[in-house]
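Right, one structure below, let's go through it.
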Amino acid sequence: MKINVTLPDGTVRSYEQGVTAMDVARSISEGLARNVLSAKVNGEVRDANRPLPGDCSIQLLTWNDPEGKATLWHSSAHLMAEAIEALYPGTKFGIGPPIENGFYYDIDLGGRVIGDGDFKAIEDKMKELAAHKEVYVRREVPKAEAIKYFTEKGDEYKLELIDGLEDGTISFYTQGNFTDLCRGPHLPDTSFIKAIKIMSVAGAYWRGDEKRKQLTRLYGITFPKQKELDEYLALLEEAKKRDHRRLGRELDLFTFSEKVGAGLPLWLPKGTALRERLVNFLKKAQEKGGYEQVVTPHIAQKALYVTSGHYEKYGKDSFQPIHTPDPTEEFFLKPMNCPHHCEIYKSRPHSYKDLPVRYAEFGTVYRYEQSGELHGLTRVRGFTQDDAHLFCTPDQVKAEFMKVIDLVLMVFRALEFTDYEAQVSLRDKEDRSKYIGSDANWAKAEAAIMEAAAEKGLKTVVEYGEAAFYGPKLDFMVKDALGRRWQLGTIQVDYNLPERFELEYVGADNLKHRPVMIHRAPFGSLERFVALLIEHTGGRFPLWLAPEQAIILPISEKFNEAAQGVARLLKDHDIRAVIDERNEKIGRKIRDAEMAKLPFMLVIGEKEAAAGTVAVRGHGQGDLGPMTPLQFKQLVEERIHAGLATL
RNA sequence: GCCUUUGUAGCUCAGAGGUAGAGCACUUCCUUGGUAAGGAAGAGGUCGCGGGUUCAAUUCCCGCCAAAGGCUCCA
């Protein structure tokens with residue numbers, strides 16, 4: 001009996017029944033066989049050494065395929081588990097999947113504590129086992145047998161996992177002395193794993209439930225070549241140089257003080273200048289879009305948040321009430337601007353002719369984030385949202401929503417965030433108790449978001465359980481230097497707060513109607529947005545945003561006066577320039593300016609002073625030649641326009 | 001909040017049971033120099049905070065605070 005195997009290029013080869021993907025690889029070339037980690041058979045990723053099911057199309061997977069990487073890492077997780085079992089007998093195992101960069105295994109060490117001092121021993125053991133070229137053996141087992149095996153082993157975690165599986169779909173993989181419940185697929189043998197690094201250890205709740213036991217999660221990464229591990233580690237080091245917490249200090253943008261409090265950023269003058277420029281940029285765009293600025297206080301009475309639902313939802317987990325001499329009064333720091341904006345809307349009657357009404361506020365809010373969650377500027381306890389609330393009639397929702405999408409995308413383009421993901425954040429499928437409002441309202445809101453996103457041709461991913469408690473969201477997610485996803489822009493459709501606040505407008509029928517609210521923030525928060533902007537630009541901000549656009553460098557102190565003249569001239573033309581008047585050589589001044597990532601350096605010495613010019617040098621570009629301050633001003637303007645031309 | 005790790009000068013870091021060191025930054029002086037670090041001198045630290053052990057703690061132990069990487073959470 002022969003079977004026909006179709007390769008990705010369309011060629012069909014004939015093999016004996018029982019042939020494996022690895023055999024196919026070997027028949028093509030030995031070199032290929034050495035690199036095959038697993039194979040996609042009729043679209044399903046399987047072990048390379050598993051017999052092919054019959055006539056099929058296959059794609060051999062190597063390190064260059066994401067699924068190939070996942071296979072290596074998944075098998076590495078098993079290898080790590082084997083090493084751990086050898087080093088720490090009695091360890092129980094949770095789950096050990098491959099992830100974006102490497103793999104982890106959740107383990108229960110029965111009271112033993114593992115720290116990074118133990119990593120070397122685990123790595124060494126893994127290397128030793130890998131060198132044994134242990135074969136990964138797949139075996140399909142009946143559920144009863146699987147239960148028996150892990151009952152005898154005393155591993156309640158695996159038993160719980162088996163409990164959720166159907167009989168007939170359960171498989172074990174064994175390599176060396178270690179057997180695991182696993183769907184696979186796996187490598188042919190452990191020798192494919194050449195370079196091994198245990199990265200970190202963390203606590204992780206079993207099944208992601210904080211009410212259940214916290215297991216020890218060990219993160220690791222492996223590669224088929226040592227060189228690739230070295231390169232990966234070097235890449236991580238490079239990424240750390242873009243960390244906004246580091247650049248924020250180096251570029252004098254912001255700081256924190258233990259005395260002020262964790263998660264309460266202090267913006268330094270340069271950071272403030274950057275932030276103000278972002279604010280003004282958006283304000284201008286919003287004015288064009290028919291928004292009106294409003295201002296609301298930082299605190300409000302408890303009753304406001306009882307009405308909005310925030311009190312019930314977050315009251316216990318937020319900053320606690322502010323008291324006054326009157327013991328019956330309780331004020332809260334505002335965690336959101338929307339309740340205040342609802343009250344502004346309510347302050348006067350509205351006709352359908354006035355809608356949509358768009359209230360915008362750069363509103364600073366305070367949320368008591370869990371201490372373990374605080375992270376630089378991306379997760380803080382006091383931050384400013386570029387918030388706005390649009391009150392519209394039901395049939396205006398979609399058009400308004402689409403306009404907001406345009407605004408968010410314009411902002412992202414202006415700041416060169418090309419790598420974002422649009423995420424539709426919906427309710428938790430199981431637990432509806434976390435949300436307010438009727439199913440009908442939620443259905444309407446979800447439909448509005450889906451339709452608007454679709455009509456805008458936006459590629460979206462859907463995430464359940466990510467909605468706000470009052471409505472679904474369209475979130476714009478961006479990754480930081482280390483690949484962590486953060487929500488920046490957000491747009492939310494809300495049928496619920498208008499109900500709670502009893503918002504109304506008079507329709508053409510002279511009857512009262514309920515408006516629909518759209519919450520939206522293109523940046524999300526200034527803090528988080530600036531953090532991501534720092535990481536994406538590496539501190540080399542777009543010219544229009546740079547806190548300082550140029551630094552004037554006198555060749556010697558003799559030319560400080562000439563430099564001041566140039567500085568005045570540039571200032572008159574709205575170019576932000578400073579002077580380095582230090583008693584240093586020009587080479588030193590240039591080096592320091594380059595390190596400070598200043599966009600332009602203007603050198604002024606005898607020649608320039610006489611000719612009324614400056615010698616311009618671009619950051620990372622070298623000498624751009626002499627020009628007059630006015631010519632330089634034109635250069636700056638051209639560069640800014642070129643950068644914003646795509647808007 | 002939970003797990004692991006860390007906390008020494010403005011920054012990056014070394015150090016040891018007997019009250020501390022380097023480089024850079026800073027100040028002063030010399031130098032007035034043409035495109036990525038000129039030279040010299042000086043100043044600067046309650047070794048995160050609070051307890052405990054000890055003749056003696058910054059070092060060992062405990063608690064707290066803060067930070068890092070995760071988990072959970074995220075209006």
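The values are calculated or read from the model by the stated rules, or taken from the named source; none is laboratory data. Computed from a prediction, not measured in an experiment: that's the story for all the values here. Neighbour counts run over all protein chains shown; Cβ positions are idealised from the backbone, glycine included. The protein model used for the area step is the full one, side chains on, heavy atoms only, and it has no ligands, DNA or RNA in it. Shrake-Rupley method; radii C 1.70, N 1.55, O 1.52, S 1.80 Å.
A few comments on the model shown:
- Share of carbon and sulfur in the accessible heavy-atom surface of segment A:67-238 [1.4 Å probe, %]: 51 percent
- Counting only protein heavy atoms and a probe of 1.4 Å, the accessible surface of segment A:550-644 is 51% carbon and sulfur.
- Set A:Lys259/A:Lys334; A:Lys259/A:Lys313; A:Lys571/A:Lys607; A:Lys125/A:Lys227 screened for pairs whose C-alpha atoms are more than 25 Å apart: A:Lys259/A:Lys313
- Taking the accessible area of segment A:2-62, probe 1.4 Å, and keeping the other protein chains in place, the carbon and sulfur fraction comes to 47%.
- Computed over chain A, the alpha-carbon pair-distance distribution with 20 angstrom bins reads 15, 36, 35, 13, 1, each value a whole percent.
- Spin-label pair A:Ala285/A:Glu237, simplified geometry with 7 Å Cα→Cβ offset, distance in nm: 3.8 nm
- Taken as Cα centroids, segment A:562-592 and segment A:78-124 sit 57 Å apart, rounded to the nearest whole angstrom.
- Taking every Cα-Cα distance in segment A:215-274 and sorting them into 5 Å bins from zero, the calculated P(r) comes out as 4, 15, 15, 14, 12, 11, 12, 10, 7, 1 percent.
- By average C-beta atoms within 10 angstrom, highest first, the peptides A:25-36, A:90-101: A:90-101, A:25-36
- Residue-averaged [θ]222 nm for chain A, counting only DSSP H segments that reach four residues, each worth -39500 (n - 2.57): -11000 deg cm²/dmol
- What you get for segment A:67-238, charging only the Cβ of Lys and Arg (+1) and of Asp and Glu (-1), is a dipole of about 200 debye around the Cα centre.
- Accessible area per residue, Å², chain A with all protein chains present, probe 1.4 Å: 48 Å²
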